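Here is the structure we will look at, set down as structure tokens.
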Amino acid sequence: MVSDKQGHEVIAAVDMGSNSFRLQVARVLEGQVYPLDNLKESVRLAAGLTPQKHLDEAAQERALAALGRFGERLRGFAPGTVRAVGTNALRVAKNAPQFLEKAEAALGFPIEVIAGREEARLIYVGVAHTLPDPSRQQLVVDIGGGSTEFIIGKSLKPLALESLYMGCVSYSMAHFPQGRVDKRNFAAAELAARRELQAIAQRYRETGWQEAVGSSGSAKALVDLLELNGLSQSGITRDGLEQLKSLLLKAGDASRLELSGVRPDRVPVLPGGLAIMLAVFKEFGLEHMLFSEGALRLGVLYDLVGRYQHQDQRQATVRQFMRRYQVEAGQARRVRDTSVSLLGQILPEVLDPDDGDGQFLRWAANLHELGISIAHSGYHKHSAYILANADMPGFSKMDQARLARLVLAHRGKLERVQGLEAKSRDWLLILVLRLAVLLHRARDGSRPPSLRLQRTATGFAIGADAGWLDESPLTAAALREELKQWAALGLPLVIESPAAASGGASRTG
């Protein structure tokens with residue numbers, strides 16, 4: 001990690017929201033996060049989504065300019081000390097992959113697009129660390145630019161997580177064109193939000209909460225307007241929201257509101273945020289809501305601290321999935337240990353438990369048989385589908401796609417992953433995972449033979465004892481089939497084995 005002048009570790013989080021981009025820099029002291037610097041840019045990324053779900057050039061330019069400024073502040077930060085996450089606008093944009101290449105170049109760090117429920121989890125982590133009494137059961141509502149997250153949690157544990165496709169930017173654009181507000185369009189916006197909420201409201205009311213908490217920009221804007229103008233003594237109230245609605249309808253446009261605390265950057269999205277919040281109060285039967293400064297970026301920082309302190313949420317998720325899908329732990333361990341040992345011959349750094357490639361290989365090995373709980377035939381396809389589509393706390397969508405690709409490719413035809421770049425390290429991870437599965441096919445716990453793995457100019461070479469190959473015709477046949485798979489990709493794999501009698505060498509390719 002980077003350190004400040006006092007020697008404290010310094011980390012940073014970038015929240016690429018659908019309305020605003022935020023950078024939070026913080027120092028870490030005894031496991032607690034203390035903010036040092038905070039930058040905010042009003043990008044309104046969701047406003048640049050075309051009807052065809054493409055980010056337009058203007059929105060991309062605003063985003064890249066903001067990320068360039070963030071990148072300047074982050075110069076000198078080491079890889080792994082900065083975590084950047086994208087939310088709803090990047091989840092739905094069809095040209096997000098092309099934009100992310102430019103965005104990562106501007107920022108100087110990788111960017112993860114996280115799923116809605118993962119966003120909700122991280123929001124709760126951030127909020128829970130700011131509450132005076134987190135042991136109380138909380139309903140947390142976070143109205144973002146393109147989505148709204150709902151969490152019920154107690155202490156640091158979320159009990160219910162949901163993300164709905166409604167946000168202050170998208171609703172303001174859809175229901176309040178050119179900022180005009182009247183009774184008809186406000187009622188339509190509120191009704192649309194209430195219809196979305198009906199899918200979760202009953203289940204959430206049954207789970208219950210002791211207090212409601214709002215977080216992020218819309219909640220902050222509303223609590224400021226209510227308190228500064230005497231519409232609420234403290235926090236967000238139902239009566240205060242109704243009074244604000246009446247004032248907004250009378251003004252006809254948020255830009256004409258003559259109230260204290262109306263920030264220019266919130267004016268275009270205030271009607272949508274207010275309509276959603278009123279719908280939340282009505283569907284959940286709320287009268288009062290507290291406000292928390294904790295939000296996604298703080299949750300990202302605490303999640304990053306956990307990774308450094310070996311309290312990685314991803315490890316917990318992998319263990320949970322192994323239990324849920326009744327993975328045979330012994331077989332997973334054998335495949336994991338053998339694949340890591342093979343990879344370590346070429347990349348010794350993967351033997352470090354914190355190495356990124358080594359972590360993904362271990363996770364893929366632990367999870368490669370998830371799909372057997374569905375059906376043994378084609379189980380690798382079932383495993384890959386689960387990993388690509390399930391909610392996996394701690395993992396970004398890109399992380400899940402990578403895991404799914406590794407697991408899909410651990411057996412069968414390699415042509416399924418032909419889209420992977422030829423220079424990608426994942427080919428090596430796929431190779432060692434396939435070899436480990438092949439060597440442990442008997443599932444009997446016997447020690448596999450020592451194989452020697454090395455790179456060649458065009459592919460890979462396996463060193464194996466000729467006597468062992470002669471005594472293991474089933475495995476030898478499987479290895480010969482493996483050679484065909486790799487040859488078809490243009491990444492030839494050869495087997496080099498000392499000749500049993502002559503002391504020469506034989507080479508199969």
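Coordinate-derived values only; no laboratory data. Nothing here was measured: the structure is a model prediction, and the numbers come from that model. For neighbour counting, all protein chains shown are included, and Cβ atoms are generated from backbone atoms with ideal geometry for every residue, glycine included.
Phi angles of the range 315-328 translate, via the Karplus equation with coefficients 6.51, -1.76, 1.60 and θ = phi - 60°, into HN-Hα couplings of 5, 5, 5, 4, 4, 5, 5, 4, 6, 4, 9, 6, 5, 6 Hz per residue; Gly and Pro are given as x. Note on the range 312-448: Cα Rg divided by 2.2 N^0.38 Å, N the number of residues, gives 0.96. Here the gap between LEU259 and ALA105, fully extended at 0.36 nm per residue and compared with their Cα-Cα distance, gives a gain of 51.3 nm.
Report, to one decimal in Å, the Kirkwood hydrodynamic radius for the chain based on all distinct Cα pairs. Walk me through the numbers on the way to the answer.
Working: mean 1/r = 0.0397 Å⁻¹.
Here the Kirkwood hydrodynamic radius works out to 25.2 Å.
Taking amide H as placed 1.01 Å from N in the peptide plane, the amide H of VAL43 sits under 5 Å from that of SER20, PHE21, each at least 5 places away or on another chain.
Taking 45 Å as R0, compute the FRET efficiency from the Cβ-Cβ separation of ARG136 and ILE374 and round it to 0.05. For R0 = 45 Å, the calculated efficiency reads 0.70.
Starting from 0.36 nm per residue, how many nanometres of slack lie between ARG323 and GLN98 once their C-alpha separation is accounted for?
Length gained between ARG323 and GLN98: 77.3 nm.
With all distinct Cα pairs included, what does the Kirkwood hydrodynamic radius of the range 234-282 come out to in Å, to one decimal, could you say? It would help to have the intermediate numbers written out before the result.
On the way: mean 1/r = 0.0892 Å⁻¹.
About 11.2 Å, per the Kirkwood formula over Cα pairs.
The packing ranking of peptides 147-157, 322-332, 388-398, highest mean first, is 147-157, 388-398, 322-332, where packing means the average number of other beta carbon atoms within 10 angstrom of each residue. What FRET efficiency do you get for LYS53 and ASP465 if R0 is 41 Å and r is their Cβ-Cβ distance, rounded to the nearest 0.05? Calculated transfer efficiency: 0.15. Shape analysis of the range 131-292 based on the Cα gyration tensor places the equivalent ellipsoid semi-axes at 25, 17, 13 Å, largest first. The range 409-453 and the range 107-159 have Cα centres spaced 37 Å apart.
Just want the ordering: ASP133, ASP15, ASP224, from fewest to most Cβ atoms lying within 10 Å of their own Cβ. Before the final figure, lay out the partial values.
On the way: ASP133 9, ASP15 27, ASP224 17.
Ascending number of Cβ neighbours within 10 Å: ASP133, ASP224, ASP15.
Under the convention that each Lys and Arg Cβ holds +1 and each Asp and Glu Cβ holds -1, the size of the dipole of the chain around its Cα centre is about 860 debye.
The packing ranking of peptides 400-411, 205-216, highest mean first, is 400-411, 205-216, where packing means the average number of other beta carbon atoms within 10 angstrom of each residue.
Measuring against 18 Å, Cα to Cα, the residue pairs LYS53/LYS183; LYS381/LYS413; LYS413/LYS484; LYS220/LYS245 contain LYS53/LYS183 as the ones spanning a longer distance.
Sorted ascending by nearby beta carbons within 10 Å, beginning with the fewest, SER218, SER42 become SER42, SER218.
Full extension of the chain between SER450 and SER424 yields a length gain of 6.8 nm, computed as 0.36 nm times the residue separation minus the alpha carbon distance.
Pairs of Cα atoms in the range 89-209 fall into 5 Å distance bins, from 0 up to the last occupied one, in shares of 2, 10, 16, 16, 16, 15, 12, 9, 3, 0 percent.
Evaluated over the Cα positions of the range 231-386, the convex hull gives a direction-averaged projected area, one quarter of its surface, of 15.2 nm². When the convex hull of its Cα atoms is viewed from all sides, the range 44-141 shows a mean projected area of 7.8 nm². Among residues other than GLY419 whose Cβ falls under 15 Å from its Cβ, what is the net charge (Lys/Arg +1, Asp/Glu -1)? In short, +2.
Extents of the range 255-336, taken as max minus min of Cα coordinates on every principal axis and listed largest first, are 68, 31, 22 Å. Against the main long axis of the alpha-carbon atoms of the chain, helix 356-367 sits at an angle near 80°.
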